[in-house]
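*Asks:* This is the structure I want to talk about, given as structure tokens.
Read-outs: derived from the displayed coordinates by stated rules, not from any lab. What you see is a predicted model; the values in this text were computed from it and never measured. Every residue, glycine as well, gets a Cβ built from its backbone with ideal geometry; the counts of neighbours run over all protein chains shown.
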Amino acid sequence: RGARAISRKSDSPLSLSDALDPVVMLYDFTADWSNFYIVMEVLQGGELMDRITKKGGDYSEGEARGVIQCVLRAVDHMHRERLVHRDIKPANLFLASPHNDTHVKLGDLGFAAVCATPLTQPCGTPQ
């Protein structure tokens, strides 16, 4: 369901082909009787959660700001395409490089959904 929504193929209803896309690139997918096969962008830095753990939870304010800026760009990008992720967490943020602690891309769109109308209602815990 999420894979179809973010397909970069030219016949897709969405065109998210920019290499600087803040969302993990999905190049192709197929299925047989018992499996799904997904061809995705290679991000050599691994999961953000693993990097945070490796650093002993010691992310500087500047590093945290860089990560949040990437996340906000990804959310903005998806919302402009009428998509919602619905499962944003450090384990679903992937680092582009093993040498950079802040350049992340949003991945794991298994719970993503297409919204037919703009999202205008606030949600979350009431004040």
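*Asks:* Fully extended, how many nm does the chain gain between THR117 and GLU41 (0.36 nm per residue separation, minus their Cα-Cα distance)?
*Replies:* Extra length available between THR117 and GLU41 comes to 24.4 nm.
*Asks:* Residue-wise, which Karplus ³J(HN,Hα) couplings in Hz belong to the stretch 53-63, taking 6.51 cos²θ - 1.76 cosθ + 1.60, θ = phi - 60°, and x for glycine or proline?
*Replies:* 5, 4, 7, x, x, 9, 9, 6, 4, x, 5
*Asks:* For the stretch 27-127, what does the relative contact order come out to in percent, with C-alpha contacts under 8 Å and a separation of six or more?
*Replies:* 29 percent
*Asks:* Taking K and R as +1 and D and E as -1, what net charge do the other residues with C-beta under 14 Å from the C-beta of GLU63 add up to?
*Replies:* My count for the surroundings of GLU63 gives +1.
*Asks:* Give a residue-ordered list of calculated ³J(HN,Hα) values for the stretch 30-46 (Karplus: 6.51 cos²θ - 1.76 cosθ + 1.60, θ = phi - 60°; whole Hz; x for Gly, Pro).
*Replies:* 8, 8, 10, 5, 10, 9, 9, 10, 10, 9, 10, 4, 8, 10, 7, x, x
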